1. In a loop (DSSP other than H, G, I, E, B) and either surrounded by 10 or more Cβ atoms within 10 Å (Cβ to Cβ) or touching a residue at least 24 places away in the same chain (Cβ under 8 Å) (or both), is that true of ILE85?
2. Quick one: in segment 42-52, which of the residues that are within 19 Å of VAL62 (Cβ to Cβ) and more than 24 Å from the chain's Cα centre (by Cα) is most open to solvent (accessible area, probe 1.4 Å)?
3. Restricting the search to segment 93-105, which residues are without any contact (Cβ under 8 Å) to a residue 12 or more places away in the chain and either open to solvent by 50 Å² or more (accessible area, probe 1.4 Å) or charged (D, E, K, R) (or both)?
4. Specify the residue that is least open to solvent (accessible area, probe 1.4 Å); the eligible residues are those in segment 17-29 that are closer than 16 Å to GLU1 by Cα and in a helix (DSSP H, G or I).
Amino acid sequence: EVIVDGAAVAHLHGKGRKDRSVPLWRTTVSLIRNWKRRLAFTSEEDFLFPNRSGGRMARSNVTQRFELAVSAAAERYPQLASRSISPHTIRHTTAMHLLQSGVDISVIALWLGHESSATTHMYLQADLAMKERTLNRLQPMTSSQGRYRPPDQLMQFLMNL
């Protein structure tokens, strides 16, 4: 079920028979509204992405459509042709972007439908770029630790007593 009015969300029934709710970006909502107009979408019982007879798409139909989309993208971005891209790749990439944007790991766990944030912890371990940026922010230790000199002259006088 896809809701585009109010808080836009897609309710999905996925792997492991888990139900997930995924928020939608405004641009996605706009595309879905246009798609519904093209389909002459008349009721909420209609399928947003129907098969050729108007029924529910099978998993193989979804896989085929996904492969077509990846092929089309590879025409514009040839480096994609040599990569293995799957729905899981998109899911993992989205999680990594959320993590790199500063989204809390527990929110990402909810987004992914993980029962435990420990499952999501692997994203922290996988993000080498984030670790490298953190290391670059650290100042190297100097061999000599200079004596603290307070900027206030009164404090400096009292410390020298």
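1. Judged against the criteria, ILE85 is a match.
2. ARG52
3. Correct list: THR93, HIS97, SER101, GLY102, ASP104.
4. This residue is VAL29.
The values are calculated or read from the model by the stated rules, or taken from the named source; none is laboratory data. Since the structure is predicted, the reported quantities are computational estimates derived from the model, not experimental observations. Virtual Cβ from ideal backbone geometry, glycine too; neighbours counted across all protein chains shown. Quick note on the areas: whole protein, heavy atoms, side chains included, nothing else; ligands and nucleic acids left out. Shrake-Rupley method; radii C 1.70, N 1.55, O 1.52, S 1.80 Å.
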